[in-house]
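Taking it in order: structure first as structure tokens, then the write-up.
The values are calculated or read from the model by the stated rules, or taken from the named source; none is laboratory data. Values in this document were obtained by computation on a predicted structure and should not be read as measured data. Here the Cβ positions follow ideal geometry from the backbone for every residue, glycine too, while neighbour counts run over all protein chains shown.
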There are 2 protein chains.
Amino acid sequence: MLYEHLIDDCLAKKIGEGGLSEETFERSLAATEPALARLRAARDDGSLALLALPARDDDLALCRPVAEAYRATCADVVVLGTGGSSLGGQALVALLGGGLMAGSPRLHFVDNVDPASFDALLASLDLTRCGVLVVSKSGGTAETLTQFLILLPAFEAAVGRAGLAERVTVISDPVASPLRRLAARYAIPCLDHEPGVGGRFSVLSNVGLLPALIAGLDVAALRAGAAEALDRGLVAAKESPPALGAAIAVGLSGERRISQTVLMPYVDRLADFALWFRQLWAESLGKDGLGTTPINALGAVDQHSQLQLYLAGPRDKMFTLVVLDTAGQGPGVDPALAEEEALTYLRGRSLGDLLQAMARATADTLARNGHPTRVIKLARLDEKVLGGLLMHFMLETIIAADLLGVNAFDQPAVEESKVLARQYLSEAGQ
Amino acid sequence: MLYEHLIDDCLAKKIGEGGLSEETFERSLAATEPALARLRAARDDGSLALLALPARDDDLALCRPVAEAYRATCADVVVLGTGGSSLGGQALVALLGGGLMAGSPRLHFVDNVDPASFDALLASLDLTRCGVLVVSKSGGTAETLTQFLILLPAFEAAVGRAGLAERVTVISDPVASPLRRLAARYAIPCLDHEPGVGGRFSVLSNVGLLPALIAGLDVAALRAGAAEALDRGLVAAKESPPALGAAIAVGLSGERRISQTVLMPYVDRLADFALWFRQLWAESLGKDGLGTTPINALGAVDQHSQLQLYLAGPRDKMFTLVVLDTAGQGPGVDPALAEEEALTYLRGRSLGDLLQAMARATADTLARNGHPTRVIKLARLDEKVLGGLLMHFMLETIIAADLLGVNAFDQPAVEESKVLARQYLSEAGQ
């Protein structure tokens, strides 16, 4: 099993009135059936491209040569892109835990336009041994275009015009756009952004998997895990972890005024996964005055930052702890160093024991104090499990959107500020 | 001036009914006067140690030799500690923007107990050229003790018993504790944690400033900026930025059901500052069912992740954007590359222009849509300005606690889970 999905501590019958009543739970769960039926139909008829990704391989045939060339020639690879063009890749590559696999290029996800950071990164790179990915679904994202337009002359000076075509790859919609035209001008190869897959759902497409391939991850296992979670998710609601999760989240927001959902992995390698989820949930549900605020936290460290508020502040949060079995992992504490009475509890214990005990204690304390708490237990963390988690949360988000009656796939509100930013930028030069 | 503090877009008279009414604003602001009076008295009679820190230098005399020794002999310095023992130092060192100053050791803040991360870090370090700081106010923090107990044998093997005393420094309360006894056993020097200063208020004590000195920061300027913000803050409420900020935050939480406060710097170097604030606000106010949830965001990148929710989701948030003047910073876009009509707005613009336009557009769009939005404008970002921001937010938090009627300086709720974690850990070995 990829993961255990434990929801009892979200229910009133278990944790008291902070939890979801049986009645609302049943009603909310039943209400997920139409979404599940539509998702099953969309999987079968191929009308939702996201659901077809786990079983595909043809698109990877185009990615593999790029990844192999970058792995053979580059010490660093810069990924230009923001939001859904970056967070998926970051979540995947984080699986390697900061220390990349020996022989793999270092990946740098440049998702902001802070000139100080950009200059510092450029100064640290040997551009003659550097690859670049430029990811923008629309081909018109101001941040990504600006990064690219500024990088281009420096990069051309380092690798020559011919080098650009070898060392730069664009991922963008297969339609005309400023980015596509720029790429054509320099004969830079373009891969198609999966047309029917929005940025925040693109982690299992080339947007996430090309960086993963460059980093040396097993992308087939990522997709296999996603396929398994898809199969396990598109069943009857009572057996479907994503339907159960969506029913609880939406049920609690209505019945108990739960306005914030905290995703708190007790694994450093899942910190970026929580940031990926934060975009997915916020942009998919935050519309029409609805949606709950996704909050990324990290155990055990945020016990020393946020737990006081979580336990004793307003009862407006639900919690999802992602807990990896780390028992016995890492070296143990030498009993001779922990002789004194006050340290008895640490004798022979490892960091993994401590992390696990912290996670269990936090989950239990939240539940004992009546806060709805879900635990996702992982026996291991690898590409397959991560692929499963990614698919789980995409399905949960889509089902939650259906329960709320909002469109999971658009983000209409951000247009106003984009227009304004362009206007201010135009004026700035006058 | 260290910073401009612009609050008009939080007020109903400016942004409509999403903002604070004039009546509540006046009442809330007047209610900050007793807290301001107490803070002024505490500054004058020395009864609140935090307020005395900016003018002190005696404590730094003990830090400087340690920092100089580490700078002379170490390539890396590991800081063991969690929560308030780590977040302040991280916020300060982030001012260097990832690329540390030439000749300074790399700092590694180890604030979690993930065995994979810990092992990867240890494997990457040359322990013979490494320094260690161990920070725990109580001297009994399970995570920090475990990290230290596991590191000790490996470190002793690398540098010898005598090396431990030269390369390890403890910061802890000047009372008996497991950590103090362990240090004594190995003749490891201990600096006193400022007794009257809690972890989350300790950034301007040796807890934050020793790492800052090791990294090569100008700590005198940090304290000078804090002193200036203190002087500017402890005046009549109408002139006091922290009192105005607290009055607005608490007023909005009561009048407009604002349950979340988003701190969104448009500067990468302030991302860790926002995490520091997140602990400060959550642990200080999150009690008795009160407090709002602090949310750290980062501009412009989170426009592509959270802005849709911020604009179109529930009206339960207030926003503080921290905007640095970055106009013209970084190289500009070559107009020859941006010839086409769709790119006109980018011709000659730099990343700094773009970042600034994004910040302004987001602030204006939030306000136009009736979301309470404060802007803190920085003409520059250096030690002095950062010191001022740190003091501003500590004062704002203390004043907000007073308005809510909670104790800003305790965190009683986390005890239950600590006890439970020790119990689980003890049981795990049986």
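Could you tell me which of the residues B:LEU80, B:LEU92, B:LEU50 is more than 11 Å from chain A (Cβ to nearest Cβ), over 16 Å from the mean Cα position of the chain (by Cα) and modelled with pLDDT of 95 or more?
B:LEU80
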Considering only the stretch A:408-422, how many residues are at the interface with another protein chain (Cβ under 7 Å from one of its Cβ atoms) and assigned to a helix (DSSP H, G or I)? 7
From the set of residues in the stretch B:370-390 that are under 17 Å from B:CYS10 (Cβ atoms) and either under 22 Å from the mean Cα position of the chain (by Cα) or facing chain A (nearest Cβ under 8 Å) (or both), which is surrounded by the fewest Cβ atoms within 10 Å (Cβ to Cβ)? B:LYS377
Would you mind telling me which numbered condition in (1) surrounded by fewer than 22 Cβ atoms within 10 Å (Cβ to Cβ); (2) within 18 Å of B:GLY289 (Cα to Cα); (3) of a type in the set (A, V, I, L, M) B:ALA400 fails? (1)
Among (1) touching a Phe, Trp or Tyr at 6+ places or on another chain (Cβ under 6 Å); (2) buried (at least 24 other Cβ atoms within 10 Å of the Cβ); (3) closer than 22 Å to A:ALA229 by Cα - the single one A:GLN90 does not satisfy: (2)
Filter the stretch A:264-290 down to residues that are small (Gly, Ala, Ser) and under 19 Å from A:HIS392 (Cβ atoms) and give me whichever is surrounded by the most Cβ atoms within 10 Å (Cβ to Cβ). A:SER284
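For the stretch B:95-115, how many residues are within 7 Å of another protein chain (Cβ to nearest Cβ) and either in a loop (DSSP other than H, G, I, E, B) or in contact (Cβ under 8 Å) with a residue 12 or more places away in the chain (or both)? Let's see the steps before the verdict.
So the first thing to find is which residues in the stretch B:95-115 are within 7 Å of another protein chain (Cβ to nearest Cβ), and the list is B:97-99, B:111-115.
Right, trim to either in a loop (DSSP other than H, G, I, E, B) or in contact (Cβ under 8 Å) with a residue 12 or more places away in the chain (or both) and you get B:97-99, B:111-114.
Final tally of qualifying residues: 7.
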Odd one out for B:LEU2, checked against (1) assigned to a loop (DSSP other than H, G, I, E, B); (2) surrounded by fewer than 15 Cβ atoms within 10 Å (Cβ to Cβ): (2)
Considering the stretch B:119-131 alone, what residues qualify as being modelled with pLDDT of 95 or more, surrounded by 14 or more Cβ atoms within 10 Å (Cβ to Cβ) and not aliphatic (A, V, I, L, M)? B:THR128, B:ARG129, B:CYS130, B:GLY131
Does any residue of the stretch A:303-311 turn out to be without any contact (Cβ under 8 Å) to a residue 24 or more places away in the chain, within 22 Å of A:ASP9 (Cβ to Cβ) and of a type in the set (A, V, I, L, M)? yes
Among (1) within 23 Å of B:ALA249 (Cα to Cα); (2) surrounded by fewer than 22 Cβ atoms within 10 Å (Cβ to Cβ); (3) in contact with a Gly (Cβ under 7 Å, 6 or more places away or on another chain), where does B:ALA359 come up short? (2)
Check B:THR397, B:THR320, B:THR365 and return the single one that is of a type in the set (S, T, N, Q), in a helix (DSSP H, G or I) and closer than 19 Å to B:ALA247 by Cα. B:THR397
Taking A:PHE148 and the conditions (1) closer than 23 Å to A:ALA271 by Cβ; (2) part of a helix (DSSP H, G or I), which numbered condition does it fall short on, given that it satisfies the others? (1)
Test result for B:GLY328, part of a loop (DSSP other than H, G, I, E, B), more than 7 Å from chain A (Cβ to nearest Cβ) and of a type outside the set (S, T, N, Q): yes
Looking only at the stretch B:245-290, and only at residues there that are more than 13 Å from the chain's Cα centre (by Cα) and basic (Lys, Arg), the one that is nearest to the other protein chains (Cβ to nearest Cβ): B:LYS287
When you scan the stretch A:127-146, do you find a residue that is more than 24 Å from the chain's Cα centre (by Cα) and closer than 29 Å to A:SER417 by Cα, even just one? yes
Just the residues that are without any contact (Cβ under 8 Å) to a residue 40 or more places away in the chain, more than 11 Å from every other protein chain (Cβ to nearest Cβ) and closer than 30 Å to B:ASP382 by Cα, please, taken from the stretch A:116-147. A:LEU127
How many residues of the stretch B:158-196 are over 29 Å from the mean Cα position of the chain (by Cα), in a helix (DSSP H, G or I) and within 14 Å of another protein chain (Cβ to nearest Cβ)? The answer is 6
Checked the stretch A:197-247 for anything at negative phi and part of a loop (DSSP other than H, G, I, E, B); matches are A:VAL197, A:GLY198, A:SER202, A:VAL203, A:LEU204, A:SER205, A:LEU217, A:ASP218, A:LEU234, A:VAL235, A:ALA236, A:SER240
How many residues, within the stretch B:332-354, are facing chain A (nearest Cβ under 7 Å) and buried (at least 18 other Cβ atoms within 10 Å of the Cβ)? 12
Could you run through the stretch A:2-58 and say how many residues are of a type in the set (Phe, Trp, Tyr) and closer than 17 Å to A:GLU255 by Cβ? 1
Those residues of the stretch A:186-204 which are more than 19 Å from A:THR141 (Cα to Cα) and touching a residue at least 60 places away in the same chain (Cβ under 8 Å) amount to A:LEU204
Restricted to the stretch B:299-319, and to residues that are more than 7 Å from chain A (Cβ to nearest Cβ) and out of contact with any Gly (no Cβ under 8 Å at 6 or more places or on another chain), which residue is farthest from A:ALA312 (Cα to Cα)? B:GLY299
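If you check B:THR169 against the conditions, is it β-branched (Val, Ile, Thr), modelled with pLDDT of 95 or more and over 21 Å from A:LEU337 (Cα atoms)?
So B:THR169 does not fit the description; no.
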Can you name the condition, by its number, that A:ALA357 falls short on among (1) more than 23 Å from B:SER177 (Cβ to Cβ); (2) facing chain B (nearest Cβ under 7 Å); (3) hydrophobic (A, V, I, L, M, F, W, C)? (1)
Tell me yes or no: at least one residue of the stretch A:2-17 is within 17 Å of A:LEU390 (Cα to Cα), acidic (Asp, Glu) and touching a residue at least 40 places away in the same chain (Cβ under 8 Å). yes
